[in-house]
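The values are calculated or read from the model by the stated rules, or taken from the named source; none is laboratory data. Just so you know, these numbers come straight off a predicted model, no measurement behind them. Glycine gets a Cβ as well: all are built from the backbone with ideal geometry, and neighbour counts include every protein chain shown.
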Amino acid sequence: MELARRARAHVARLDLGAEQVAVLDAQAHTARALWNLLHEYFTFRQGRFATLKDCDAAIRAARREIDWMGQLPAQAAQAVLKTYRQAWANFFNPDHPAKRPTFKSRLRTRLAVDVPQARDLQITRVNRRWGAINLPKVGRVRFRWTKDLPGLTRGGPAGRITGARLVKDAHGWQVVFRTQTLIAPTPTVHPGHTVGIDRGITVALALSDGTMREHAPWLRNGEKEHLRRLEKKSARQRRTRPRAEPASHRLARTYDQIARLRARAKRRAVDWQHQTTTELAATFGVVVVEELKITNMVRSARGTVESPGVNVAQKAGLNRSIAGQAWGRTVTLLEYKTSERGGQVVKVPARGTSQTCHRCGHRDPAARDGTRYACANSACGWVGHADTNAAINIKNAVGTPVSGRGDLGVTRSAKRQPPRAA
């Protein structure tokens, strides 16, 4: 039986010294500057897009003429070019949601350096908790060993490491291994049943079988209070800063503390989503969810000067709650995990699912009161949890076409025309 290849990523924390952190920071800023130079050269070259050969020649010339450009390893510089070209390919793809590539800001860009060739890493395991890798121009570095990597552990998964990417977040530098494992072909059909899932705020995930998938707050009470005090502190520090002046070191430290707390909340949210979606993908063969326009749902209610909005603060709080649940990421995780197990995710229209009785089909917006749904049809009178009722309606909507999808004959937008080579 021929085995299938599966590409995945594994994140591990790096144990770096102060000098090594400074070297990686310099490499990441050089990679960002190289992206900006490529973007300027690619888009403003006599009104025509530059070819891959021209961009490669420009990078080589820049590395010879600009001293600080040598801080970035040559392979990492080529990876920047590859990523930049792929960004344009995604933009010109009408089925891809990517936006037009732009310049990268120094303060708002996530620092990252690519190590495209796995042989440069020379990965070894030091002990039960730590492993070691080679990083170009940095040296030998330890990383936290939390999972067996394919092809490196006796009795571990079969496969190999194809490369890595170094990424910096609020907790420091991490290495993201690109892994390729060999797995048995998935079955043609998942043996599990069909389930509808309603995503909400009060209840994170409500299933059509009457069960719920809930989680604790991402931050504990003490952490929430600490975050509130830090945000008030940063507001005071901003008020005392003169206009157009850079942030002070104290304000920067406060921002770093806020970022670490928010990053901790995100880690807990992603961990819960991974565990929950893995359990759902292993249990059910078909998962039905709503086609939600989340970007429109979290739009501000501020309005304009001529027509100011109402309940702006309440809507802002609702937007934060929706963003904190990360509904889109839940569906993304479900899609690839169900497909690996022979299942699928089906999207159905969201209109009326929470206002319609699943038993008799009577629709009344006033029938829902918080988490309680009471059918207004006297002949039915069903009473139960509103999210469970919505999940059953979502399950029953399988086969209903989603509006705005599958329109044939629609031409490509003028802004997404393929580039013309010089």
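Descriptive notes on the structure:
- Of all residues in region 238-264, those being touching a helix residue (DSSP H, G or I) at 6+ places or on another chain (Cβ under 8 Å) and among the hydrophobic types (A, V, I, L, M, F, W, C) number 4.
- Residue among 216, 244 that alone is in a loop (DSSP other than H, G, I, E, B), under 27 Å from the mean Cα position of the chain (by Cα), small (Gly, Ala, Ser) and loosely packed, with under 13 Cβ neighbours inside 10 Å: 216
- Residue within region 202-210 that is small (Gly, Ala, Ser) and either in the same structural domain as residue 28 (by TED's automatic domain parsing) or closer than 30 Å to residue 31 by Cα (or both) present: no
- Taken over region 355-372, residues that are under 21 Å from residue 398 (Cβ atoms) and not in a loop (DSSP other than H, G, I, E, B) amount to 2.
- Look at region 225-245: where a residue is at pLDDT 90 or above and a partner is polar (S, T, N, Q), sitting 6+ places away or on another chain with Cβ atoms under 8 Å, you get 230/254; 230/257; 233/254; 234/254; 237/248; 237/254.
- When region 1-32 is filtered for residues that are hydrophobic (A, V, I, L, M, F, W, C) and not in a helix (DSSP H, G or I), the ones remaining, listed by number, are 1, 3, 4, 7, 9, 11, 12, 14, 16.
- Residue within region 271-281 that is part of a loop (DSSP other than H, G, I, E, B) and among the aliphatic types (A, V, I, L, M) present: no
- Matching residues in region 33-50 - criterion: being surrounded by 15 or more Cβ atoms within 10 Å (Cβ to Cβ) and either free of Cβ contacts under 8 Å to residues at least 40 places away in the same chain or not in a helix (DSSP H, G or I) (or both): 33, 37, 41, 43, 45, 49, 50
- Checking each residue in region 122-137 for being closer than 30 Å to residue 256 by Cα and touching a residue at least 24 places away in the same chain (Cβ under 8 Å) picks out 130, 131, 133, 135, 136, 137.
- Checking region 334-344 against the condition returns a match, with at least one residue being within 27 Å of residue 387 (Cβ to Cβ), modelled with pLDDT of 95 or more, of a type in the set (A, V, I, L, M) and surrounded by 17 or more Cβ atoms within 10 Å (Cβ to Cβ).
- Among the criteria (1) loosely packed, with under 12 Cβ neighbours inside 10 Å; (2) under 26 Å from the mean Cα position of the chain (by Cα); (3) at pLDDT 90 or above; (4) of a type in the set (Lys, Arg), the one residue 85 does not fulfil is (1).
- Residue that is surrounded by the most Cβ atoms within 10 Å (Cβ to Cβ), among those in region 247-278 that are polar (S, T, N, Q) and in contact (Cβ under 8 Å) with a residue 60 or more places away in the chain: 277
- Boolean, residue 80 is surrounded by 11 or more Cβ atoms within 10 Å (Cβ to Cβ), not aromatic (Phe, Trp, Tyr) and not in a helix (DSSP H, G or I): no
- Residue among 58, 74, 12, 7 that is over 21 Å from the mean Cα position of the chain (by Cα) and either in contact (Cβ under 8 Å) with a residue 40 or more places away in the chain or under 24 Å from residue 134 (Cα atoms) (or both): 74
- Checked against (1) touching a residue at least 40 places away in the same chain (Cβ under 8 Å); (2) within 26 Å of residue 16 (Cβ to Cβ); (3) of a type in the set (Gly, Ala, Ser), residue 151 passes all but condition (1).
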